[in-house]
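Structure record follows, encoded as structure tokens.
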Amino acid sequence: MSNHLALRSGNPALQSSTFRNHLSSVTDGTMTLSGTVNKTAISLVLVILSAAYSWTNPAMHGLVVPAALIGFVLAMVTVFKPTLGHITVPAYALAQGVFLGVISMIFNAQYPGIVVQAVFLTFGTLGALLLAYMSGLIKATENFKLGIVAATGGIALLYFINFIMSFFGSGIGIISSNNTMGILFSGAVVVIAALNLVLDFDFIEEGAEMGAPKYMEWYGAFGLLVTLIWLYLEILRLLAKLSSRR
Amino acid sequence: MENPAIILWIPIILLSVASIIKMLNKGGPNGKPWIRIEKVEENE
């Protein structure tokens, strides 16, 4: 096996070892690029439908915290039991849709129009990075992967410390501040989140090349979905910071 | 700035244009150009 697999993806859900653990269990077909694209599209449609429903239905607004928690549990189940992906990934998409719908509605009430902009920017970023990956302009080299993994880990650590500090009425100012440093920080997080998409593309391509089992298509779609949701939320936060300075 | 989203579109557009130019020139990872202009011989 090439050293291409030596490092794991920046996305904690996507690791090269994931394929090795499942290669022996190929029974009903193998993972394909088109199959993964279809499952990603299905998951995205579920997120959008669920988000639209929770945005327009006030009864759903109280479900934002349970939806986030259920989403987290489903994500963990998907990571540790990828064979259940055909059930857990659509359910995860629906739960995250409820969460995103309510969060988006709150942001849009404060800064009208930014949700539409964030959605277009998210899909624009996805398209641009897909083009960059296909053209070879951005390659998922070992150093690239290492850099993105380290940066993503650093951001996760910072967010975790901020989460703990929030229980004591404090927090890391740069994360929520709309000053120049706060905007530069958010911009950097958006770039890191966007570059994680390249690692996801690489993971999916690698899985298809290695002949991973069919159910890994759901797993690849899940990884891409996690990154896209993170990217959308970071773009939303960055736009809110920029709008608040107007 | 009137619309802050405009500044975020600039890197997306630049990256897309650079990728398309690279694809047209080199044809991506497998080295085959997307567009190839060849001289067509008579009776070919």
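Under a Cβ-only charge scheme (Lys and Arg +1, Asp and Glu -1), can you give me the dipole magnitude of the stretch A:28-244 about the Cα centre, in debye to the nearest 20?
Magnitude of the dipole: close to 440 debye.
Apply the membrane-span-like helix rule to chain A: whole DSSP H runs, Cα extent along the own long axis of at least 30 Å, mean Kyte-Doolittle hydropathy at least 1.6. List the helices found.
Passing helices, by number: A:114-135.
Putting +1 on Lys and Arg Cβ atoms and -1 on Asp and Glu Cβ atoms, find which of A:V64, A:A221, A:G207 reaches farthest to the positive end of the dipole of the stretch A:28-244.
Farthest along the dipole direction, towards plus: A:V64.
Any idea which of A:G169, A:L233, A:I103 is furthest toward the positive side of the dipole for chain A, if Lys and Arg beta-carbons carry +1 and Asp and Glu beta-carbons -1?
A:G169
A:L137's amide H: which non-local residues (gap 5+, or another chain) put their own amide H closer than 5 Å, with H modeled 1.01 Å from N in plane and none for Pro or chain starts?
Amide H neighbours of A:L137, under 5 Å, 5+ apart: none.
Grab the beta carbon distance between A:Y159 and A:I87, set R0 = 35 Å, and tell me the FRET efficiency rounded to 0.05.
With R0 = 35 Å, the Cβ-Cβ based efficiency is 0.75.
With the dipole of chain A worked out from charges on the C-beta (+1 for Lys and Arg, -1 for Asp and Glu) around the Cα centre, which of A:Y92, A:W55, A:A150 lies farthest toward the positive end?
The Cα lying farthest towards the positive end belongs to A:W55.
Picking from A:S50, A:S186, A:S166, which is most flexible by a Gaussian network model of chain A using Cα springs under 10 Å?
Among A:S50, A:S186, A:S166, the largest mean-square fluctuation in the Gaussian network model of chain A belongs to A:S166.
Among A:A188, A:A212, A:A118, which one moves the most in a GNM of chain A with springs linking Cα atoms closer than 10 Å?
Of the options given, A:A188 has the highest mean-square fluctuation.
Working out 0.36 nm times the residue gap between A:V191 and A:F167, then minus their Cα-Cα distance, what length gain in nm do you get to one decimal?
Separation in residues times 0.36 nm, less the Cα-Cα distance, equals 5.8 nm.
Pick from A:G182, A:G29, A:G223: which residue has the top mean-square fluctuation in a GNM of chain A where Cα pairs under 10 Å get a spring?
Residue with maximal mean-square fluctuation among A:G182, A:G29, A:G223: A:G29.
Mind checking Rg over Rh on chain A, alpha carbons, Kirkwood formula for Rh?
Result: Rg/Rh = 0.97.
What does the charge count around A:I229 come to, taking other residues whose C-beta lies under 14 Å from its C-beta (Lys +1, Arg +1, Asp -1, Glu -1)?
-1
Any read-out appearing in this document is the output of simple, stated calculations on the displayed coordinates, not a laboratory observation. Remember, it's a predicted structure, so these values are computed and weren't measured experimentally. With ideal geometry, Cβ positions are generated from the backbone for all residues, glycine too; neighbour counts draw on all protein chains shown.
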